[in-house]
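Chemist: Let me give you the structure first, and then I'll get to my questions.
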Amino acid sequence: MSTVYSQRRALSVGLILSLCIVLVFIGSLSAGAVAISWQVIINTLFDLEGEQQTYIILNSRLPRSLLALLVGGCLAISGTIIQGLLRNPLASPKIIGINAGAALAVCLMTLLLPDLPMTYLPLAAVLGGTLAALIVYLGSHWRESSMTRLVLIGIAVGFVCEAGIDYILISSPPYQFSTPLVWLTGSLWSRGWSHLAMSWHLLIGLLISALILSYRLDLIRLGAVHAKGLGVNVGFERFLLLAIATLLASISVSVVGVLGFVGLMAPHIARSLVGGSHRTLIPIAILVGMLLVVLADACGRAIAPPIEISAGILTALFGGPFFIYILLKMGSTES
Amino acid sequence: MLFKKVGHCLVVGVISMLSLPVFSAVIEHELGSTQVPDSPQRIVVLEFSFVDALAAVNVAPVGLADDNKPERIVAAYRKIIGSDWISVGTRKTPSLELTASLKPDLIIADKKRHSAAYATLSEIAPTIVLDSLVGDYPAAVKQMSVIGNALGKEEEMEQRITEHKAKIAAYAETFKALSDGMYVQFATARASRLTLHSASSYNGSLLNAFGFSSKLNPTDGDARANFYVPTTLEQLSELNPEVLILGNYADVTIIDQWKNEALYQNLSAVKAGKVFHVDAHSWSRLRGMVAAESTAEDLSAIMKKISAKK
């Protein structure tokens, strides 16, 4: 059994995480290839007299950091819902084929329609991710619904898509895949207000629906029979939550690329902080996801300017060992 | 009195018209058309072929994407543009904020790499997008005219193009005496792959402009897939070029594995000692008139070696 944490603990963890997010967000505004003093940042943000850096602060770093917050939160809640529904700690948006499906669609688009502008890339990604998830979901409901089968089909679909991606990348000249390759590593390079404008209504809407519905997860987690007894239409609610989680992850991936590890890692980190009850787990996981992606993007810009290191590379590189540490620590408190 | 006032206004008007940046030229490019300043002074370029175009008319960019490896801007370019440029990072993901901080008045970006960032780049400065990575040598020269217009140096660029064509034709004439229509094949060699540049690729068509022939012609309409052809030893021996020019991207390449195989030793180029090495970066990554002229110098050296053998 996981440790039972009090609501007060959840509140204080939430406050500390929020404070960290605010600090990292402010830090993110000062991180980048061009060194800008705090005075100039404040002048620009509040339109005060004196030197300003309008483009870099307001059109580049601010929308990028906001997008990182949004996408981080969405990937985290998507991962938490999927782990809750599948009752499987290994689950994440990746397991239902979203990442690989989106990536294959992007590669196919580049290969088959080379003259299509790269602005269509997000559309291809959403379609690919959703289609792959749909195949996995239908497969898991063939004849009788089975969550174990869902995971296995998800892995199989992932392998098929990844084989397709590898084939396309190996057999094509590298320059043709310049943009998709950056996207495959999960990067916020060149993202700005237009990307935020394109996605925020949808993502915030889905995020709120997910928050409202997610308290049912604790009931669904009791198991189909118990949940039915408590008046939950398990099949329908499971489908609805899975659909929302799929869309949240597909849209996020379409905007910033394959930021795979966040959806797996954020729920676990949150669980180690406040325990497994979804009422507290979900908000904390969202905060963790936000923090991870903003931090990764800021570090990616600050480590070796003017070279930008993709946020997806950093979340995996530094998130991985930290994730193992969390799991080991959890194991020791549980035993 | 009235005349004096009108005259005064006219003078002020003319002066202010002269001092304002005049947005006159509209440049048609891959992603539409962009109004560029009359003669841009602060230019940022995000691919090597654009550096070549600027160098052709003696313009130094303020910033360029050199992959953070300044040596990728070769001596032929440095001789003209100096080495005072600011690196904006990699060609794949150039730093947009560094680009903005240079306060450019023209950005030249590549279609394959930077289309997704076109809107963002356009917020920084007037941006034109050209296809730098696909297309043959004549297309690359044609692109020079577009860049010449964007720089407000149409005449200078056209003059340079005429000079360039004459230079290439002169080289072709000297090569003709030595080796008329000889099959010369350029390839890049990596640790596990040899890639032949076909007749429709940039290098293939450039070799063609020098009067050499190629047996590696594209077989179908979509030439893109046929530009750079990964090749096995069997395929190479079937093509059997008379001269093989190699650009090595690794210290130990696939050619080292093939060296002792009979099939490789039986290649005409190998038997006649006509396998030559050139700088892979200059031949394969760079394109444009300055690059083509240094390719011509390399070829000239190779031809001298060949004629010494005769």
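The values are calculated or read from the model by the stated rules, or taken from the named source; none is laboratory data. Computed from a predicted structure; not experimentally measured. Using ideal geometry, Cβ is built from the backbone for each residue, glycine included, and neighbour counts are taken over all protein chains shown. All accessible areas refer to the heavy atoms of the entire protein, side chains included, with ligands and DNA or RNA removed. Shrake-Rupley method; radii C 1.70, N 1.55, O 1.52, S 1.80 Å.
Chemist: Using +1 at the C-beta of Lys and Arg and -1 at the C-beta of Asp and Glu, which of A:ILE307, A:PRO180, A:VAL71 has the Cα lying farthest in the positive direction of the dipole of segment A:2-334?
Modeler: Of A:ILE307, A:PRO180, A:VAL71, it is A:VAL71.
Chemist: Kindly give the semi-axes, whole Å and largest first, of the ellipsoid equivalent to the protein assembly as shown, taking each as the square root of 5 times a Cα gyration tensor eigenvalue.
Modeler: Semi-axis lengths for the protein assembly as shown are 51, 36, 20 Å.
Chemist: Another one. Calculate, for segment B:122-200, the solvent-accessible area per residue in square angstrom, rolling a 1.4 angstrom probe over the heavy atoms of the protein chains. Let's see the in-between values first.
Modeler: On the way: 3270 Å² over 79 residues.
Each residue of segment B:122-200 exposes 41 Å² on average to a 1.4 Å probe.
Chemist: Return a whole-number percent for the relative contact order of chain A, with Cα pairs under 8 Å and 6 or more residues apart as the contact set.
Modeler: Relative CO of chain A lands at 32 percent.
Chemist: Sequence gap at least 6, Cα distance under 8 Å: using those rules, report the relative contact order of chain B to the nearest whole percent. Don't jump to the answer; show the numbers that get you there.
Modeler: Numbers: 536 pairs, mean separation 51.2, N = 310.
Averaging sequence separation for qualifying contacts and normalising by length gives 17 percent for chain B.
Chemist: Run the dipole for chain B about the Cα centre, Lys and Arg Cβ at +1, Asp and Glu Cβ at -1, nothing else charged, and hand back the magnitude in debye, nearest 20.
Modeler: Working: 32 positive and 34 negative charges, 88 e Å.
So the dipole magnitude of chain B works out to roughly 420 debye.
Chemist: On to the next question. Between A:ILE204, B:PHE210, B:LEU244, whose Cα lies farthest towards the positive end of the dipole of the protein assembly as shown when Lys and Arg beta carbons carry +1 and Asp and Glu beta carbons carry -1, centred on the Cα centre?
Modeler: The residue sitting most towards the positive pole is A:ILE204.
Chemist: Right, next: If you put +1 on each Lys and Arg Cβ and -1 on each Asp and Glu Cβ, how big is the dipole of segment A:2-334 around its Cα centre, in Debye rounded to 20?
Modeler: Values: 17 positive and 12 negative charges, 217 e Å.
Dipole about the Cα centre, nearest 20: 1040 debye.
Chemist: Taking all protein chains as present, what is the carbon and sulfur share of the accessible area of chain B, in % to the nearest whole number, probe 1.4 Å?
Modeler: 55
Chemist: OK, next. How big is the antiparallel share of DSSP beta bridges in chain B, given as a percent to the nearest 5?
Modeler: Antiparallel: roughly 40 percent of the beta bridges in chain B.
Chemist: Among A:MET147, A:MET198, A:MET290, determine the one that fluctuates most according to a GNM of chain A built with springs between C-alpha atoms less than 10 Å apart.
Modeler: A:MET198
Chemist: Using 7 Å Cα-to-Cβ label points, what is the B:LEU233/A:PHE322 separation (nm, one decimal)?
Modeler: That separation, rounded to one decimal, is 5.0 nm.
Chemist: Would you work out the Kirkwood radius for segment A:2-334? I mean one over the mean of 1/r across all pairs of different Cα atoms, in Å. Mind dumping the intermediate values first?
Modeler: Values: mean 1/r = 0.0487 Å⁻¹.
Computed over segment A:2-334, the radius equals 20.5 Å.
Chemist: Another question, if that's okay. Gaussian network model of chain A, Cα springs within a sub-10 Å range: biggest mean-square fluctuation belongs to which of A:ILE26, A:ILE324, A:ILE309?
Modeler: Comparing A:ILE26, A:ILE324, A:ILE309 in the GNM, the peak value goes to A:ILE324.
Chemist: Shifting gears a bit: Taking +1 at the Cβ of each Lys and Arg and -1 at the Cβ of each Asp and Glu, which of A:GLY158, A:GLN39, A:LEU62 sits farthest along the dipole of segment A:2-334 towards its positive end, judged by Cα position relative to the Cα centre?
Modeler: Looking along the dipole axis, the top candidate is A:GLY158.
Chemist: Further, regarding this structure: What does the helix-only formula give at 222 nm for chain B: each DSSP H stretch with n ≥ 4 adding -39500 (n - 2.57), the total divided by the residues, and the result rounded to the nearest 500 deg cm²/dmol?
Modeler: So the calculated ellipticity at 222 nm is -13500 deg cm²/dmol.
Chemist: Once you have the Cα-Cα distance between A:GLU49 and A:HIS141, take 0.36 nm times their residue separation minus that, and quote the gain in nm to one decimal.
Modeler: Difference between extended and current length: 26.9 nm.
Chemist: Can you bin segment A:130-192 into rounded, prolate or oblate? Criterion: square roots of the alpha carbon gyration tensor eigenvalues sorted a ≥ b ≥ c, rounded for a/c under 1.5, prolate for a/b above b/c, oblate for the rest.
Modeler: The shape class here is prolate.
Chemist: May I ask you to find the residues of segment A:301-315 that are shielded by at least 30 Å² of accessible area once the whole protein assembly is considered instead of their isolated chain (probe 1.4 Å)?
Modeler: Residues passing the criterion (a loss of at least 30 Å², heavy atoms only) are A:PRO306, A:ILE307, A:GLU308.
Chemist: Hey, another quick one. Only Cα pairs under 8 Å and at least 6 apart count here; give the relative contact order of segment A:241-322 as a rounded whole percent.
Modeler: 29
Chemist: For the Cα atoms of chain B, what angle does the longest principal axis make with the long axis of helix B:2-19, in degrees from 0 to 90, nearest 10?
Modeler: 20
Chemist: Would you be so kind as to list the residues of segment A:184-198 that have their accessible area lowered by at least 30 Å² in the full protein complex compared with their chain by itself (1.4 Å probe)?
Modeler: Residues of segment A:184-198 that lose at least 30 Å² of accessible area once the other chains are added: A:TRP189, A:SER190.
Chemist: Placing +1 at every Lys and Arg Cβ and -1 at every Asp and Glu Cβ, with all other atoms neutral, what dipole size does the protein assembly as shown have around its Cα centre, in debye to the nearest 20?
Modeler: Dipole of the protein assembly as shown, to the nearest 20 debye: 1480 debye.
Chemist: Given the protein assembly as shown, what percent of its DSSP beta bridges are antiparallel, to the nearest 5?
Modeler: On the way: 14 of 36 bridges.
Of the beta bridges lying entirely in the protein assembly as shown, close to 40 percent run antiparallel.
Chemist: Still on this structure: With a 10 Å cut-off between alpha carbons and a GNM built on chain B, which of B:ALA269, B:ALA209, B:ALA170 moves the most?
Modeler: Looking only at B:ALA269, B:ALA209, B:ALA170, the biggest GNM fluctuation is shown by B:ALA170.
Chemist: Follow-up. I'd like the interface area for chains A and B: accessible area of each alone minus the complex, both sides summed, 1.4 Å probe, protein heavy atoms only. What is it in Å² to the nearest 100?
Modeler: 2600
Chemist: If you don't mind, there's one more thing I want to ask. Check each residue of segment B:107-124 and keep those whose accessible area, probe 1.4 Å, is at least 40 Å² smaller with all protein chains in place than in the chain alone; give them in order of residue number.
Modeler: Those are B:LYS112, B:ARG113, B:ALA116, B:THR120, B:GLU123, which lose 40 Å² or more relative to the chain on its own.
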